[in-house]
Amino acid sequence: GAVVSQHPSWVICKSGTSVKIECRSLDFQATTMFWYRQFPKQSLMLMATSNEGSKATYEQGVEKDKFLINHASLTLSTLTVTSAHPEDSSFYICSCGRTYEQYFGPGTRLTVT
Amino acid sequence: KQEVTQIPAALSVPEGENLVLNCSFTDSAIYNLQWFRQDPGKGLTSLLLIQSSQREQTSGRLNASLDKSSGRSTLYIAASQPGDSATYLCAVGQNTPLVFGKGTRLSVIA
């Protein structure tokens, strides 16, 4: 399967600061990438769909001005959590889509103090 | 709106036992169904992918079945080992992106 990386793997930041998370597809061109969020003992919830060269599509209830997504190339999508608050602490996972199948990154653990 | 439910939420078994994890979904118009494994604090590892036209897939000690009409899938693990301890997630694809269940936390006791 395809290889997807995320950076950083974990990050701790202070409330009010912004954090950028990178998602890279290492061995194929991904026109579409997905960002998920997972709270402890909960399921993965889709936040947004990132399309190369166009604006991301956000799921209902996800603030697009708070979670900025940029998909500037076929191998890189970034998620920036702006003005982070403790309730944004979560596990963020990206995936790259192929027909009927997605390949997931290893995730980024964000802790906002 | 598609909803995916996994039962049980947690399961503890002694090493060597065969076990079954259950997944149900409300909308049967799916493209595929995937089973993933997630270790604590880690990302997802894809275990098995079943296309909507298929009824089952096998990989080693794992066997996944799909019954679209009843909206159910099962993941069968044979001869469980302590290394199988993890959370197992079921996800259905009607298009991308996938809709996930909350998972079953499996503990295999040596």
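The values are calculated or read from the model by the stated rules, or taken from the named source; none is laboratory data. As the structure is a computational prediction, the values presented were derived from the model and not from experiment. Virtual Cβ from ideal backbone geometry, glycine too; neighbours counted across all protein chains shown.
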Leading residue by the ranking (farthest from B:L89 (Cα to Cα)) among those in segment A:93-113 that are hydroxyl-bearing (S, T, Y) and within 14 Å of chain B (Cβ to nearest Cβ): A:T111
Any hit, segment A:52-64, residues being touching a residue at least 40 places away in the same chain (Cβ under 8 Å), in contact with a strand residue (DSSP E or B) (Cβ under 9 Å, 6 or more places away or on another chain) and among the polar types (S, T, N, Q): no
I'd like the residue in segment A:93-113 that is crowded, with 17+ Cβ neighbours inside 10 Å and among the β-branched types (V, I, T) and, out of all such residues, is farthest from B:L98 (Cα to Cα). A:V112
Residues of segment A:24-46 being polar (S, T, N, Q), in contact with a Leu (Cβ under 7 Å, 6 or more places away or on another chain) and in a strand (DSSP E or B), which ones? A:Q38
Among the candidates B:L47, B:L19, residue that is surrounded by 13 or more Cβ atoms within 10 Å (Cβ to Cβ) and within 14 Å of chain A (Cβ to nearest Cβ): B:L47
Yes or no: A:V62 surrounded by 13 or more Cβ atoms within 10 Å (Cβ to Cβ) and under 19 Å from A:W10 (Cα atoms)? no
Being aliphatic (A, V, I, L, M), within 14 Å of chain B (Cβ to nearest Cβ) and closer than 24 Å to B:R105 by Cβ narrows A:M33, A:M45 down to just A:M45
Screening A:S77, A:S83, A:S90 for residues that are under 23 Å from B:T104 (Cβ atoms), more than 9 Å from chain B (Cβ to nearest Cβ) and at pLDDT 90 or above leaves only A:S90
Test for B:D67: is it charged (D, E, K, R), more than 24 Å from A:G107 (Cβ to Cβ) and modelled with pLDDT of 95 or more: yes
I'm trying to understand the selection: among the residues of segment A:49-65, which are closer than 17 Å to A:Q38 by Cα and away from chain B (no Cβ under 14 Å)? A:E63
Considering only residues that are acidic (D, E) and modelled with pLDDT of 90 or more, which ones fall in segment A:21-60? A:E22, A:E59
